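Peer 1: Have a look at the structure that comes next, please.
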Amino acid sequence: MNKNRNCNYKLLDCGEFEKLEQIDDVIIRRSAPQAIWERKLNKETWDQYQAKYDLQKHAWELKQGIELPNLKCNNLTFELRFSGNGQIGIFPEQEPNWRWLQDVISKADRPLNILNGFAYTGASTLFASSAEKNTNSINVTHVDAAAGSVKWARENCRLSNLENNNIRWIVDDIIKFLTREFKRGNKYDGIILDPPAFGRGKKSATWKLDRDLPKLMQLVDQVLSSTPEFIILSCHDKAFGNNELQDNLSKIKKFNNGKIETVDLTIKSLDGNDLPSGSCARWRK
Ligand SMILES: C[S@@+](CC[C@H](N)C(=O)[O-])C[C@H]1O[C@@H](n2cnc3c(N)ncnc32)[C@H](O)[C@@H]1O
């Protein structure tokens, strides 16, 4: 994360398929399959962890009494948890997009209707909703297929004191939701999408990035307002690099001006190795 941003998260190092991170004074060690290089920091530093995720056992090894602190960034607070899949409830590589979102939203001189699909624990929802602007003029629709993630996002909203902001919380499969929004005639001025490679929708529906991205882009084009402000499309699947994401965004017909740019979602480390953590293409008016 950007050091100037008053965030209590640091990437200490990565290498040999793992990453070493610090939140306040708690050091955690977990898998990072993309870190195929040697570590920069020494073994003693790597062994100073208080929590380690064991990929083979799919379980956390915790030093006695260790709890994860809340992640604090830019006046927002996110509860972190030792999740069963090795996640902790935040994707710090999205930090450049959080800053970009707040910049685009605060500069728009009109009310905005924003959609965050695949919204997980709500980081982008809360950054968008708290952009410096009259908050009554920012409406965010937060959509995720997992009820537990939406509940967690609402808790993060409460911890961040944003309960009175205009946020609609929706548990639904994104394709089904957008299909209905199109039929209802609801439109969005800004859209944030960070789809996983695979996912489970509500009930039995599943999400597959390579199969479903074209349909998603078609629906996005249908629900975009006639004067869109921005779109962010990011992912963590090696098969979809910046160029593939850019190609997908360029199919959207409503962009009659503006520019699509690509961003490497790389987490910077002060003394260790940086960690490339995803691809991104984004468009602004
Ligand atoms: C990579 S995480 C998104 C991370 C989030 N953008 C962030 O930065 O915090 C993927 C999310 O997509 C959700 N998901 C998976 N399949 C879905 C579907 N078909 N419709 C809606 N959400 C889905 C998962 O529940 C999960 O919360």
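Peer 1: Could you list all residues from the range 152-181 that are outside any helix (DSSP H, G or I) and under 14 Å from residue 130 (Cα atoms)?
Peer 2: 160, 161, 162, 163, 164, 165, 166, 167, listed by residue number.
Peer 1: Among the residues of the range 131-156 satisfying the criterion of being more than 15 Å from the ligand (Cβ to nearest atom) and in contact (Cβ under 8 Å) with a residue 24 or more places away in the chain, which is surrounded by the most Cβ atoms within 10 Å (Cβ to Cβ)?
Peer 2: 138
Peer 1: From the list 87, 94, pick out the single residue that is within 9 Å of the ligand (Cβ to nearest atom), out of contact with any Lys or Arg (no Cβ under 8 Å at 6 or more places or on another chain) and over 17 Å from residue 233 (Cβ atoms).
Peer 2: Among 87, 94, only 87 is within 9 Å of the ligand (Cβ to nearest atom), out of contact with any Lys or Arg (no Cβ under 8 Å at 6 or more places or on another chain) and over 17 Å from residue 233 (Cβ atoms).
Peer 1: For residue 198, all conditions in the list (1) within 16 Å of the ligand (Cβ to nearest atom); (2) modelled with pLDDT of 95 or more hold save one; what is the number of the exception?
Peer 2: If we test residue 198 against (1) within 16 Å of the ligand (Cβ to nearest atom); (2) modelled with pLDDT of 95 or more, just (2) comes out false.
Peer 1: Within the group 233, 193, which residue is within 10 Å of the ligand (Cβ to nearest atom), touching a residue at least 40 places away in the same chain (Cβ under 8 Å) and surrounded by 18 or more Cβ atoms within 10 Å (Cβ to Cβ)?
Peer 2: 193
Per-residue answers, yes or no, for (1) over 24 Å from residue 37 (Cβ atoms); (2) touching a helix residue (DSSP H, G or I) at 6+ places or on another chain (Cβ under 6 Å); (3) small (Gly, Ala, Ser):
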| position | (1), (2), (3) |
| --- | --- |
| 233 | yes, yes, no |
| 246 | yes, no, no |
| 251 | yes, yes, no |
| 273 | no, no, no |
| 282 | yes, no, no |
| 285 | yes, no, no |
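Peer 1: Moving on to the next point. Scan the range 157-169 and report the pairs whose first residue is assigned by TED's automatic domain parsing to the domain that holds residue 144 and under 14 Å from residue 72 (Cα atoms) and whose second residue is of a type outside the set (Gly, Ala, Ser) and in a strand (DSSP E or B), with Cβ atoms within less than 6 Å and a gap of 6+ or a chain change.
Peer 2: Taking only residues 6 or more apart or on different chains, the pairs are 159/77; 160/76; 160/77.
The values are calculated or read from the model by the stated rules, or taken from the named source; none is laboratory data. Because the structure is a prediction, the values reported are computed rather than measured. Virtual Cβ from ideal backbone geometry, glycine too; neighbours counted across all protein chains shown.
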